[in-house]
Amino acid sequence: MISNAYFHPLSPIPGSKLIASNNFLTGISTLTGRSHYGLDQLHKRYGKVVRIGTDIVTVADKDMIREILVTTDYPKSIIHQGFELNGQHNLFSSRNKDFHKNRRRLVAPSFGLQYLRSLEPIMHECIHVLIKKIDELLENSKAAKGKKVLPQGHINICSFMMRLSLDIIGETAFGQSFEMVQDDVHPIPGQMAKTLRRSMQQAFNPWMKWIVPLDFSFLEFGAERVRARKAKGEKGRRADLLQYLIDAQANERVNGNGETGNDYEDMISGKLTDKAVETEASVFLIAGSETSSTAMTFTMMFLVKNPDKLAKLRDELDLATASNPRGALPTYDQVRNLPYLTGCINESLRLRPVAATGLPREVTEDVTMNGYFFPKGTILLAQFPQLHWSDEYFPQADKYIPERWIPEETPFKPVQDFTFYPFSAGTRNCVGKNFAMMEMRLILATIVLTYDISAVPNQREDYVQYITTALATESYVILMTKR
Ligand code: HEM
């Protein structure tokens, strides 16, 4: 430990010598889900580049983050191996550039704007169920079967956003809603969340593997859905993410790029095998549920706490949907280019990024960056939330100011490039960004148009990050009345 702290090539990097002398303390801090608070403190104390383990350095410098994520585009770190599913590399977990390039080429078009348009009716269907359910509760709060009965008009919006995003991703990635908004009893989401939380903790604390085994049986749910869709052939065809993967697999086979039959070779070269299709559908479920739901919950939290911003958003939405008959949901075309709605979402993603502990990347060759020497194998945590929270790049950084995203309205200089990374950047940026923005715009617009919403005071707002950020209490209650 002494040699790690004082004689290691990373020793000149600022930080606590005790924390730098081992990886145990940083590993343990991930068990609480609150390591983002500790990282923030460490940066405040030691500066923009801080050593937090034998071979782990957290970086909050704008130019270095750009170098790590975009310019050199370092591969993901060994930590991501914890996200291998079914023993398969996948789009999210892969550290191999060739695999990733091939898999991304096959998967990314399913998130193209044109293809996403076909998902609008599916999203609308799920949002209709939400409205019906909230209306039921507003009429009679005791309709919350088996749940805590809240005072009349009080709705746990955090729970509903989680359940709705699970239903939407269930419908689009597996062709079947989990019916969480309606019943909230499906066992798969809970089982998945528990396993993923543990797998993240094990990624930082490998010794835990011997104590708590991981239960990946939730993957069988997805695999069954994929097999069922394939078995139905043309009759089962439906425009969704799963269909896109099935069609991409068929095309690869027709074009002579199908599987070779050597399972290992096929896996490492990124071929769309049956297992790969099943795995990627599950990756969508994992990557596309808590992320969007947390972002929507926080956006609503900021809106109810800033009634002037909420009123301004309502005005923008009323104008954009003025021609709609009463009760009609806003369409994607109506909400996709609204500057204030986008500003409200961006501002929430800035203040509460879903990757609050930063993004780990691995140095593949010895390198000197900004005067710091990093030996091969160093894990660099690209700590982009520190940029989001810095007055240097975002004046009055702790305030919710959607106007800062609108050039004609901002009281500040325009937001600088390479200071805002909610969906990351470079080749490993979020493939689901368009999907998430579409979903968030539709849902937020619907809620603000359909209900008067306001704040319920004195609630906990602290948040944890195991896989992605979430409110620690899994609850945020707002007051709602039908408009
Ligand atoms: C507000 C919502 C979302 C946010 C803020 C978000 C953010 C991110 C971030 C920061 C990364 C990079 C992770 C890393 O480097 O370790 C990422 C990757 C990824 N996201 Fe998202 N995400 C969101 C929604 C979604 C949705 C809805 C999907 C799919 C339906 C999705 C699928 C993925 C996938 C597959 C990757 C890995 C991409 C690759 O490495 O090529 N995300 N996301």
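Lys and Arg at +1, Asp and Glu at -1: add these up for the other residues within a Cβ distance under 10 Å of Ser16 and post the number.
Combined, the nearby Lys, Arg, Asp and Glu give +3.
Exposure proxy check: Arg104, Arg66 ranked by fewest other beta carbons within 10 Å?
Arg104, Arg66
Please compute the contact order of segment 257-371 in relative form: average sequence separation of alpha-carbon pairs under 8 Å and at least six residues apart, divided by the residue count, as a percent.
Details: 45 pairs, mean separation 27.2, N = 115.
It rounds to 24 percent for segment 257-371.
In terms of the ratio Rg/(2.2 N^0.38 Å) built on C-alpha atoms, what value belongs to segment 390-479?
Its radius of gyration relative to the 2.2 N^0.38 Å reference: 1.33.
Cα atoms only: what Rg and Dmax, in Å, come out for segment 2-482?
Just the Cα atoms of segment 2-482 yield Rg and Dmax of 22.7, 71 Å.
Order of His388, His89 from fewest to most other C-beta atoms within 10 Å?
His388, His89
Mind scanning Lys132/Lys230; Lys97/Lys376; Lys17/Lys76 and naming the pairs with a C-alpha gap bigger than 21 Å?
Too far apart for the 21 Å limit: Lys132/Lys230; Lys17/Lys76.
Straight-line reach only, C-alpha to C-alpha below 17 angstrom: list the aspartates and glutamates that Lys209 could link to, leaving out same-chain residues fewer than 8 apart.
Cα-Cα hits under 17 Å: Glu84.
Please give the Cα centre distance for segment 19-53 versus segment 377-417, rounded to the nearest Å.
After rounding, the separation between the Cα centres reads 22 Å.
Taking the Cβ of Asn90 as the center, what net charge do the other residues with Cβ under 12 Å away carry, scoring Lys and Arg +1 and Asp and Glu -1?
Combined, the nearby Lys, Arg, Asp and Glu give +2.
Every number in this text was worked out from the coordinates using simple rules, so none of it is lab data. In this text the structure is predicted, and so the values were computed from the model without any measurement. FYI the Cβ positions are ideal-geometry reconstructions off the backbone, even for glycines, and counts take in every protein chain you see.
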